[in-house]
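Encoded as structure tokens, the structure appears first; notes follow it.
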Amino acid sequence: ASGLPLIDMIDLGAEAASQSGAMRVGVLGTKGALKLYREYLAARAMGLVLLPPDRQEAFMVTLYRIKSGDLGDDVKREMQGHAEELRKLGAEILIAGCTEVPLVLDDDDVVLELIDPGDLLARRAVAVCLRWEPLPHAPA
């Protein structure tokens, strides 16, 4: 509503997935994040791979452990398990749909490429601030 330019983190993640050539994207995220990613991926004719409801609940338990400061090996293994389940369900690439996910997972921890939209956002913000890239258009 402010009319200020916006760098859209969800859009950056979806665009990176699209540029990879993948058609089925696994997202490690909350229900709200999944809803947004579904819309952004669908706009690019890409499918969203979801954890089954009981596994999504287990993901949320893992996420809240990270939020409480637990970055230990058990949490990392749990998050790796969620990522692997998405791969087995047909995901061709993964998006860390919550900023907590990259605190315990990186590309070396998973079989599929892992996109970190928070990292993409930070890099784009620096590039725009240094005028290496143009300001994004203000939302309509």
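The values are calculated or read from the model by the stated rules, or taken from the named source; none is laboratory data. Note that the structure is predicted; figures quoted are calculated from it, not measured. Cβ sites come from the backbone with ideal geometry, for glycine too, and all protein chains shown count toward neighbours. Note: areas computed on protein heavy atoms with side chains; ligands, DNA, RNA excluded. Shrake-Rupley method; radii C 1.70, N 1.55, O 1.52, S 1.80 Å.
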Considering each residue of segment 72-89, count those that are out of contact with any strand residue (DSSP E or B) (no Cβ under 9 Å at 6 or more places or on another chain) and either in a helix (DSSP H, G or I) or surrounded by 14 or more Cβ atoms within 10 Å (Cβ to Cβ) (or both), and give that number. 10
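Name the one entry in Gly13, Gly69, Gly32, Gly47 that is over 20 Å from His137 (Cβ atoms), open to solvent by less than 40 Å² (accessible area, probe 1.4 Å) and either out of contact with any helix residue (DSSP H, G or I) (no Cβ under 9 Å at 6 or more places or on another chain) or in contact (Cβ under 8 Å) with a residue 24 or more places away in the chain (or both). Can you show your working first?
Working: Gly13 fails: over 20 Å from His137 (Cβ atoms); Gly69 fails: open to solvent by less than 40 Å² (accessible area, probe 1.4 Å); Gly32 fails: open to solvent by less than 40 Å² (accessible area, probe 1.4 Å).
That would be Gly47, the only listed residue that is over 20 Å from His137 (Cβ atoms), open to solvent by less than 40 Å² (accessible area, probe 1.4 Å) and either out of contact with any helix residue (DSSP H, G or I) (no Cβ under 9 Å at 6 or more places or on another chain) or in contact (Cβ under 8 Å) with a residue 24 or more places away in the chain (or both).
Taking segment 1-35, which residues are polar (S, T, N, Q) and within 22 Å of Glu100 (Cβ to Cβ)?
Narrowing segment 1-35 to residues polar (S, T, N, Q): 2, 18-20, 30.
Scanning segment 1-35 gives a single hit, Thr30.
State all residues of segment 90-100 that are within 22 Å of Gly21 (Cβ to Cβ) and open to solvent by less than 70 Å² (accessible area, probe 1.4 Å); if no residue qualifies, say none. Write out each step before concluding.
Of all residues in segment 90-100, those within 22 Å of Gly21 (Cβ to Cβ) come to 90-97.
Passing the criteria: Gly90, Ala91, Ile93, Leu94, Ile95, Ala96, Gly97.
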If I ask for residues that are touching a Gly at 6+ places or on another chain (Cβ under 7 Å) and either in a helix (DSSP H, G or I) or farther than 19 Å from Ala14 by Cα (or both), which ones from segment 90-109 would you list? Pro102
